[in-house]
Amino acid sequence: AASAQLQLAVPVAVVFAPGSVPGDLPRPLPFRDVQEMEISVNLRSHVTSRYEMAYRRAMAREEAALDAATAREADAALHPLQDSSLGSLTVYVVPETSSLLPQGINVYVGKHRSALVRAGEGLAALRTRLRLLTQVMSFTASSIAAALSDRVPNSQLGPDARRHLKSSLGYEITFSLLNPDPKSHAVDWDIEGAVSRYVQPVLDKLSVVANFSVDSQVRAGRGLAGCPGVQFPASNVFVVCPQILYYAVLGVTPRFDKESSSFLLSAHSLPHVINPVEARLGSSAASLYPVLNFLLYVPERSHSPLYIQDKDGAPVSTNAFHSPRWGGIMIYNVEAPASPQTPLPLHVEVDMVRVMGVFLAQLRLLFGLSREELPPEFLLESPGNEGLADWELDRLLWAHTVENIATVSTTLTSLAQLLDKIGNIVIKDDVASEVYRAVASAQSAMAKLATGHLHVAFQASKEAVTSSERAFFDPSLLHLLYFPDDQKFAIYIPLFLPMAVPILLSLAKIVREARQRRKEPTKMD
């Protein structure tokens, strides 16, 4: 398998600020070092990670940036001075007594591709911090195992390994508003503005990974005539009108709690919510790519307020939940009118800041960007409006590139097995060229991974996936067009056997008569 020979090289620049150089360095600065780690996939294959460390002293401009008052200011000042290529990391080592990092914090991870680390008591302590830091900012054994989850034994996988979205060339995102009680609630949400303000920056960042299409079409018995769209060419985002599903219920009856005078949805009932809602959406039926559904549910007046409970019976702070590889649902409660005589329907203006904050957090979880448990000495900077840091994008690319190579290997292996089973199948030239192109692209991706060129490797892996799937799903290779030998016998024997019996009997009779004539003596006149 391809993964048996996979090497992942991460270029890491370790820059020492004045006063931070350990006294027990093996040789004078600058110098290079390589740290390798083997990630076992299964009994026959493994992945080797190579951290190519380049140690040097800080330059004058970097020293000036490290004199900033806070770590955040230093990270912003250092960003233009460092290598910005995908997959590369820059670690700035500051003195152990530096006030740049907060008290009790030894490692600060910025929102680009750099980090600040205290020097520690010696080279051994520094290397321990660097080892954990570089894995956090690139890939870990668990993230690679999750990318190769189809090949890894279940015993080696974490609980969330199979919950992330599979690598794909594109994704479709649908935002829907469910209003089961339009007679009581007239709900208005500014989905176009929210997508432009909050979702577009995230998808611009993720456009390196895949093409994204955002859909929020009307599904309330109305057409799209006169419905203006908003186009974002940079991130392949297209937004149509708000999608509102009227009279769409969750399909689960919530339980009324007398103590809180509210309705509750328990954790074990949440899986039963998806199917009834998905039947109304119908968004994935005509899609070539995985569809992510984000639903905002405004409970009907008879079931308000409605809250979600976790497995321990405690209320969920966001009042939302997500389903792996499907999407997420948020329940948006409406305050009861102050007077019973208030005319209906009530006008409800959705707080899109709160809603989009929840949806973006769910989007990160669906892509496997949830931040792992780290020691308390680590401080991770918030990515801000972009939704994910540069190093998190690299982390996603590492995993998707490895997954793409494994997918190509599996697809071509399945194709080879199909061709072995069907001996008389015809391979057209264009199918053969796609196979050759897939193999060449996969080999190129593996070679680029081994040299630390993540972006080029990822693009090559995408091309390999595209070519392998074109070859595998080519109409001429459909096995239904070719019949195995046992099916041929089953079809033709009933046709030819009735005709063959009298022919065979006649042949047998002719043979017997010929033998008898040979035995009879020849009569002489």
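Under 12 Å of direct C-alpha separation, and excluding same-chain neighbours fewer than eight residues apart, Lys205 reaches these aspartates and glutamates: Glu386, Asp390, Glu392, Asp394. Considering only alpha-carbon pairs that sit under 8 angstrom and 6 or more positions apart, the relative contact order computed for the range 1-100 is 40 percent.
Classify the range 57-197 from the C-alpha gyration tensor, please: rounded if a/c falls under 1.5, else prolate or oblate depending on whether a/b exceeds b/c. Taking the square roots of the gyration eigenvalues as a ≥ b ≥ c, the range 57-197 is oblate. Annotation: extensible slack from Ser414 through Ile493 equals 25.2 nm (criterion: 0.36 nm per residue apart, minus Cα-Cα distance).
Helices that extend 18 Å or more along their long axis by alpha-carbon positions and average at least 1.0 on the Kyte-Doolittle scale are, among the DSSP H runs of the chain, 352-366.
Under 19 Å of direct C-alpha separation, and excluding same-chain neighbours fewer than eight residues apart, Lys428 reaches these aspartates and glutamates: Asp420, Glu469, Asp474. A 1.4 Å probe, protein heavy atoms only, puts the accessible area of Trp326 near 20 Å².
Note on Lys311: lysines with a C-alpha under 21 Å away, same-chain residues under 8 apart excluded, are Lys258.
Over the chain, dividing the summed -39,500 (n - 2.57) contributions of all DSSP H runs of at least 4 residues by the number of residues returns a 222 nm mean residue ellipticity of -11500 deg cm²/dmol. The packing ranking of peptides 420-433, 505-518, 464-477, 344-357, highest mean first, is 464-477, 344-357, 420-433, 505-518, where packing means the average number of other beta carbon atoms within 10 angstrom of each residue.
The label point for Arg517 and the one for Lys166, both projected 7 Å from the Cα toward the Cβ, are 7.1 nm apart. The mean accessible area for residues of the chain, using a 1.4 Å probe and ignoring ligands and nucleic acids, is 52 Å² per residue.
Take the Cα of Leu81, go 7 Å toward its beta carbon, and the backbone nitrogen atoms of the range 5-46 under 16 Å from that spot belong to 13-21. Among the trypsin sites (Lys or Arg not before Pro) within the range 300-337, those in coil by DSSP and having at most 16 neighbouring Cβ atoms inside 10 Å are Lys311, Arg325.
The Cα-based radius of gyration of the chain, divided by its Kirkwood radius, gives an Rg/Rh of 1.16. Would you mind counting up the charge near Val431? Only other residues with Cβ under 9 Å from its Cβ, with Lys and Arg at +1 and Asp and Glu at -1. For residues surrounding Val431, the net value is -2. Think of each Lys and Arg Cβ as +1 and each Asp and Glu Cβ as -1; about the Cα centre, that makes the dipole of the chain roughly 2120 debye. Remark: spin-label model distance Asn42-Ala64 equals 5.6 nm, labels positioned 7 Å along the Cα→Cβ axis. Remark: accessible surface ordering of Asp150, Asp310, Asp181 (largest first) is Asp150, Asp310, Asp181, probe radius 1.4 Å.
Ranking Asp24, Asp67 by solvent-accessible area of protein heavy atoms (1.4 Å probe, all protein chains present), from largest to smallest, gives Asp67, Asp24. Placing unit charges on each Cβ (+1 for Lys and Arg, -1 for Asp and Glu) gives the range 1-118 a dipole about its Cα centre, and among Thr70, Ser98, Leu81 the Cα reaching farthest toward its positive end belongs to Leu81.
Between Ser266 and Glu372, what is the label-to-label distance in nm when each label sits 7 Å out along the Cα-to-Cβ direction? Roughly 3.5 nm, to one decimal.
The values are calculated or read from the model by the stated rules, or taken from the named source; none is laboratory data. The model shown is predicted, which means the values in this text are computed figures rather than measured ones. Because the Cβ atoms are built from the backbone with ideal geometry, glycine has one as well, and the counts that use them run over all protein chains shown. Each accessible area value is taken on the protein alone, full model and side chains, heavy atoms only, with ligands, DNA and RNA left out. Shrake-Rupley method; radii C 1.70, N 1.55, O 1.52, S 1.80 Å.
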